[in-house]
Amino acid sequence: MEPFATTQQIYAGALIFARLASLVMTMPGVGDASVPPRIRLSFAFVLTLVLTPIIAPTLPLIPSAVSAIAGAVIKEVLIGLMIGTIMRLFLTALATAGEVVSIQTTLSFAQTSAPGIAPGSTTLGTFLGLIGLVLIMTTDLHHMFIAAIVRSYTIFPVTRDLPVADATELALQTVSQSFKMGLQLSAPVAAFALVFNIAVGLVARVMPQFQVYFVASPLMVLFGLSIFAATLGIVGLIWVDGYRVLLTHFTG
């Protein structure tokens, strides 16, 4: 292949493609299961062609041992999976909020497919997950994904050992922040459900013959979804701001 590219260029392109392919296969949006793997790999290949002139000068020379080459490729794949997985973990904040709202509004029995979050999720969780993907694209946060890819070669250079401890700590922080944000996003509906259930319990004690369940369930769904719809804009803004803060860990 020397007439078309040098061995060093091929080695640099392979390392870059290994990190980009594993990252694109797991990142939100493009990396969803609804996107065919060929499309994702093709997108990673195009990014490799675009970014190789920028990143290749910072990569080390090709090692002489085959085992060293294989180890470098495996390490790049793991780094890409780490970054893409952490980016995706923050989507669980919307899934948590949707689960809480569904439980409080008695809609948790309706299960559907969530392409961006999990194979099985509640309807509201899937709805919020799709809104999150739309917000990522409309607010140009996906541009920060590309910046994170380029910046990752400064934060996690090829010559450095795999940062297992740092990645684990960041993943744990992301999961805890996502769960906390999910509870915060569902707080208006949860607070209303608490007050509503207390009121229904008092009515049931005062009027035992009154069919509370047949009256309370439709009202709970109606008022719960109304509050959910009224706070949907604020939920989106808070989540986007939190996601932008997460991406700054990789973009500097």
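The values are calculated or read from the model by the stated rules, or taken from the named source; none is laboratory data. Nothing here was measured: the structure is a model prediction, and the numbers come from that model. Every residue, glycine as well, gets a Cβ built from its backbone with ideal geometry; the counts of neighbours run over all protein chains shown.
Only one residue in LEU94, LEU20, LEU49, LEU81 is surrounded by fewer than 13 Cβ atoms within 10 Å (Cβ to Cβ), out of contact with any His (no Cβ under 9 Å at 6 or more places or on another chain), modelled with pLDDT of 85 or more and aliphatic (A, V, I, L, M), so which one is that? Break it down into steps so the answer makes sense when it comes.
Details: LEU94 fails: surrounded by fewer than 13 Cβ atoms within 10 Å (Cβ to Cβ); LEU20 fails: surrounded by fewer than 13 Cβ atoms within 10 Å (Cβ to Cβ); LEU81 fails: surrounded by fewer than 13 Cβ atoms within 10 Å (Cβ to Cβ).
After applying the criteria, what remains is LEU49.
The condition (being in a helix (DSSP H, G or I) and in contact (Cβ under 8 Å) with a residue 60 or more places away in the chain) is satisfied by just one residue among PHE214, PHE196, PHE223, PHE228: PHE228. Condition check for ILE198 on (1) modelled with pLDDT under 85; (2) over 17 Å from THR92 (Cβ atoms): one failure, at (1).
Report whether or not ALA230 is more than 30 Å from MET27 (Cβ to Cβ), of a type in the set (A, V, I, L, M), under 36 Å from the mean Cα position of the chain (by Cα) and exposed (fewer than 14 other Cβ atoms within 10 Å of the Cβ). Against the criterion (more than 30 Å from MET27 (Cβ to Cβ), of a type in the set (A, V, I, L, M), under 36 Å from the mean Cα position of the chain (by Cα) and exposed (fewer than 14 other Cβ atoms within 10 Å of the Cβ)), ALA230 qualifies. The condition of being in contact with a Gly (Cβ under 7 Å, 6 or more places away or on another chain), under 17 Å from ALA147 (Cβ atoms), in contact (Cβ under 8 Å) with a residue 24 or more places away in the chain and not β-branched (Val, Ile, Thr) holds for only one of LEU20, LEU51, that being LEU20. Once the stretch 156-195 is narrowed to residues that are acidic (Asp, Glu) and surrounded by 11 or more Cβ atoms within 10 Å (Cβ to Cβ), the residue that is modelled with the lowest pLDDT is ASP166. Here ARG160 meets the list (1) touching a residue at least 40 places away in the same chain (Cβ under 8 Å); (2) assigned to a loop (DSSP other than H, G, I, E, B) almost entirely, failing just condition (1).
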